[in-house]
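Data block below; observations after.
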Amino acid sequence: MSSLEQYKAKRDFGKTPEPEAVKSKRRKKPVFVIQQHGASRLHYDFRLEIGGTLASWAVPKGPSTDPSEKRLAMRTEDHPLEYAGFEGVIPKGQYGAGAVIIWDKGTYRNLTRAEEEGRAGMGRSLKEGRIEIWLNGKKIKGGYYLIRTGNPKDRRWLLIKADDGEADARRNPVSTQSRSVKSQKTLEEIKREHEQNA
Ligand code: MN
C-alpha cells in the first residue's frame, strides 16, 4: 500500500482545493514546509520530503527557536509533494476544514547521515525515530531534532531546536512573523477573502 492511501481516503478531491496525490519528480535538494492550519484547533503542519512524499507532523504550538522549548509534534499521514505549494481554504465538511498558509518553506539537509548515504538515509532516520536536520527556510534556519518519544507505533514526537548559532530564545517567529512566505497574507486574510468570494 502506498503511503499516500490514507491521504487520498480522507479527502474528496471534487470538493477540496488540496492537490490530488500524483507521482512527482524528486528535486535536487529535499524540501520542507511549515503550513499554518486554522482547523478546529489551530496548528502548524511540519512536512519533510522523504522518499518521494512529505512525511508530516502536526505541531500545536509551531516551531521554537529556543533549544529549551520542546514542541509536541504528532505524526500524521504522508502528503504528496505537491502539498508543499498548497495554500487556501479547505471547505466546511471536508477533512481538516479551515484556512492554510505556507508559513515557511525551504530546503533541508540530513545531519545524521549527511555524507555517507545522502537522502536515502532520511528513511532510516524516520524509522529509527530520530531525525537531525538543518533547515534552510525564510524564517526558520539551523539545526532541529525530531525525536519519537515512545515505541515505533507512537505518534508522539518532539520538535526541538538544536543549540547552534541560529538558536535564539528571544525570537519567537510563530508570533512575530505570522505572514505567508508565498502570498504575504495572514491566515485571517486568506479566510476572509474566501468568505467574500463565496
Ligand atoms: Mn493540519
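Taken together, the values in this text are just the output of simple stated rules run on the coordinates, not laboratory data. Everything numeric in this text was worked out from a predicted model, so none of it was measured. As a convention, Cβ positions derive from the backbone with ideal geometry for all residues, glycine included, and neighbour counts pool all protein chains shown.
Between N136 and Q184, full extension at 0.36 nm per residue minus the direct alpha carbon distance yields a gain of 15.4 nm.
Please return the longest range in the chain lying between exposed loop sites, taking chymotrypsin sites (Phe, Trp or Tyr not before Pro), DSSP loop only, at most 15 other beta-carbon atoms within 10 Å, and leaving the sites out.
It runs 96-198.
Give me P(r) over the chain, computed from all C-alpha to C-alpha distances, binned every 5 Å, as integer percentages. Using 5 Å bins, I get a P(r) of 1, 8, 15, 21, 21, 17, 10, 5, 2, 0, 0 for the chain.
May I ask you to compute the full-extension gain from E82 to A39, defined as 0.36 nm times their residue separation minus their alpha-carbon distance, rounded to one decimal in nm? Don't jump to the answer; show the numbers that get you there.
Values: separation 43, 0.36 × 43 = 15.48 nm, distance 2.01 nm.
My answer for the length gained is 13.5 nm.
Label-to-label distance for K153 and E193 is 4.4 nm, based on points extended 7 Å past Cα in the beta-carbon direction.
For the residues K28, K70, K61, a GNM of the chain with alpha-carbon springs under 10 Å puts the largest fluctuation on K28.
Cross-linked pairs K105/K141; K105/K161; K8/K28; K105/K185: Cα-Cα separations exceed 22 Å for K8/K28.
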